[in-house]
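As structure tokens, the structure follows; a few thoughts come after it.
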Amino acid sequence: MFKKILFAAIFTIIAFSATAQTIYPPMEFAKIPPKPTKEEEEMAKQPYFVLIDDAEKAIEATDYELAINKLITAMATEPDNPLNIALMSNLGMVYYYNEQDSLAMRTLDDVVKRSPRLVSGHENRARVLTGLGRDKEAYDEYAKIIEIDSVNTDARYYHGMMALYSGQRDIAERDFAVMQRVVPLSRRTYLAMGTLYALTGRDREAIPYLRKLIDFEAYAEYYAQLAGCLIAVEDYNEATDILAKGMERYPNDPELYYYRALLNRKRYLNDDARRDAATAIKLGADPNRVNAIFK
């Protein structure tokens, strides 16, 4: 267990954590992990690494108080160990998981102050800021990551999405262009491009990305977004098929009923449209938005 944290820390410090992305090749064979060397086995017995291993197990068990204790003890055991900065970054996140927001922020502030180019420190700080609703600061933190590592696609994704929803389309397009170049077949790239095109009125361009996205994760909101784009380009047959598949999986999703009401209205099936509209509202859709279909 300790090796995952240890190796992540080493790669973060040396390589500033250029985040790996899965390209989903046509076929990939499982790799057999190498047998630990005697040196690795001896290292695993050292108190410092035993404590790290214990901390990881505690995190997996959501025993955050224990994990905090183990991480602090590990750093106190070897105060000059260069890996401690990565452990501090992990500690900041554990504080956050344990609902100790102030401690989390103070710890992560200290991490990025001590090691300004430690990407994982900035990433964790951005996550906590986002969780606390401090979006502008999180956006700036992702911008710092991009300055350090211009092809960090995690940062490009979050930075681009925040830019898109705040009306900065040009910035979003630059971020997503990097994702298309570096990880063209990833789920996040499909989501980023599909959302970008859908929100900027380029429905026909959004459709291929949203179709691929559903192949990865068939979430209700993806079915709804794809159906909305298909309705916008008047491909009513495929929209009908997509909504039927979505409703089979998610029979109580209000957005799917909203879009079926819209589709039926477009087809002049007004009675069906009103029934779907009533169901959408009953399931929690915004009545004003739903009723606008009939105006």
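Values in this text are rule-based calculations from the coordinates and carry no lab data. Because the structure is predicted, anything quoted here is derived from the model rather than measured. Here Cβ is always computed from backbone atoms with ideal geometry, including for glycine, and neighbour counts include all displayed protein chains.
Tabulated values for the structure
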read-out: Quarter of Cα convex hull surface for the range 218-295, i.e. mean projection, nm²; value: 4.4
read-out: Cα centre as origin, Lys/Arg/Asp/Glu Cβ charges: the range 218-295 dipole, Debye; value: 320
read-out: Under 19 Å from Lys113, Cα to Cα: aspartates and glutamates that are on another chain or at least 8 residues apart; value: Asp80, Asp101, Glu123, Glu137, Asp140, Glu141, Glu147, Asp149
